[in-house]
Amino acid sequence: MAELHPLVVHFTIVLAIVGVGFRLISLLGRPAFASPAATTLLLLAALAGVVSTQSGEAAHGPVERAPGARPAVVAHEEWGERARNILILLGMVELAGLALARSARARYVHFAAAALGLVAVFAVYEAGEHGGELVFSYAGGVGIRSGDPKDVERLLLAGLYQQAMQDRKGGKSQAAADLIDVAARRFPQDVEVRLLAAESQLLDHRNPQAAIAALGAIAVADDNRILRTRRATLQADAFEAAGQKDAAIAVLQPILEAYPTNTRIKDRLEALKAKP
């Protein structure tokens with residue numbers, strides 16, 4: 001059931017917000033469908049809230065065992081349970097309004113539902129906000145939801161890349177190079193990783209000759225425009241850093257001929273040719 005959590009929670013959020021919106025509109029007395037629509041949506045929101053909480057509880061175990069993630073998991077769970085409880089209470093109020101549909105007291109019940117609905121929306125928002133923090137700040141559940149080991153490998157690669165970029169930005173070139181070296185050893189057949197490692201030779205190790213050699217050993221399919229352009233651009237950077245302007249022009253020229261609308265390559269070639 002854990003794998004359903006990311007899907008179900010979005011239904012809960014939308015049903016709650018739209019349902020409360022319809023309940024507020026229904027207080028105006030028109031349109032006629034607003035009140036029954038609110039009841040239907042909020043009952044579905046209560047049901048979705050129960051499923052969301054159960055699926056979240058099923059998913060939390062592996063997530064909270066990740067170092068540092070437990071406080072974020074607990075906060076998300078607590079707000080999720082609050083949201084579920086309030087939505088269930090709201091659903092009961094809506095059922096009471098439905099039972100009193102032909103009574104003058106139904107309007108008071110709808111006012112109470114609208115007020116409680118606003119509290120529910122706040123709780124749902126907080127649960128969603130803490131869930132987003134758990135996913136995007138702690139990688140909660142990322143890479144493990146499907147049970148496919150390939151997903152964990154992609155998570156590892158993304159973490160190595162992002163930390164390497166942060167280290168490089170912070171002036172920690174050796175730390176960035178070390179992480180990229182780990183990625184290259186872990187994913188030796190991945191062309192994009194090999195290009196990243198060659199780029200690291202140029203930017204982190206300050207070794208254009210090593211970058212030139214590494215790039216020359218990377219085969220890229222002729223029909224892969226993005227990787228072909230990236231390799232040529234890196235080769236041009238390396239050749240230019242090595243003082244080989246003509247070689248830099250030579251690797252970019254075929255790319256411009258193949259993709260004449262690529263203004264970035266065109267501008268780069270013109271800049272190279274203009275240099276003495």
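The values are calculated or read from the model by the stated rules, or taken from the named source; none is laboratory data. Every value quoted in this text rests on a predicted model; they were computed, and no experiment measured them. Glycine also receives a Cβ, built like all others from the backbone with ideal geometry; neighbour counts cover every protein chain displayed.
Figures for the structure shown
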read-out	value
Given (1) assigned to a loop (DSSP other than H, G, I, E, B); (2) buried (at least 16 other Cβ atoms within 10 Å of the Cβ), number of the condition D223 does not satisfy	(2)
Residue within the stretch 43-54 that is within 20 Å of the chain's Cα centre (by Cα), part of a helix (DSSP H, G or I) and in contact (Cβ under 8 Å) with a residue 40 or more places away in the chain present	yes
Hey, G80 touching a helix residue (DSSP H, G or I) at 6+ places or on another chain (Cβ under 9 Å) and in a helix (DSSP H, G or I) or not	yes
Complete set of residues in the stretch 173-188 that are surrounded by 15 or more Cβ atoms within 10 Å (Cβ to Cβ) and closer than 14 Å to E199 by Cα	S173, A176, A177, D178, L179, I180, D181, A183, A184
Test for H5: is it modelled with pLDDT of 90 or more, under 20 Å from the mean Cα position of the chain (by Cα) and part of a helix (DSSP H, G or I)	no
Among residues of the stretch 19-37, those that are buried (at least 17 other Cβ atoms within 10 Å of the Cβ) and either modelled with pLDDT under 90 or in contact with a His (Cβ under 8 Å, 6 or more places away or on another chain) (or both), counted	3
Failed criterion for Q174 (all others in (1) touching a residue at least 24 places away in the same chain (Cβ under 8 Å); (2) of a type outside the set (K, R); (3) in contact with a helix residue (DSSP H, G or I) (Cβ under 7 Å, 6 or more places away or on another chain) hold)	(3)
Residue match in the stretch 167-182 (condition: in a loop (DSSP other than H, G, I, E, B), of a type in the set (A, V, I, L, M, F, W, C), at pLDDT 95 or above and over 25 Å from P62 (Cα atoms))	no
Test: residue in the stretch 207-223 that is among the polar types (S, T, N, Q), over 19 Å from L269 (Cβ atoms) and at pLDDT 95 or above	yes
Hits in the stretch 157-172 (condition: loosely packed, with under 15 Cβ neighbours inside 10 Å, within 20 Å of A139 (Cα to Cα) and not polar (S, T, N, Q))	A158, M165
Hits in the stretch 116-133 (condition: surrounded by fewer than 15 Cβ atoms within 10 Å (Cβ to Cβ) and within 19 Å of L41 (Cβ to Cβ))	L118, F122
Meets criteria (surrounded by 15 or more Cβ atoms within 10 Å (Cβ to Cβ), assigned to a helix (DSSP H, G or I), aromatic (F, W, Y) and at negative phi) for Y108	no
Considering residues of the stretch 52-78 that are touching a Phe, Trp or Tyr at 6+ places or on another chain (Cβ under 9 Å) and surrounded by 18 or more Cβ atoms within 10 Å (Cβ to Cβ) only, the residue modelled with the highest pLDDT	S52
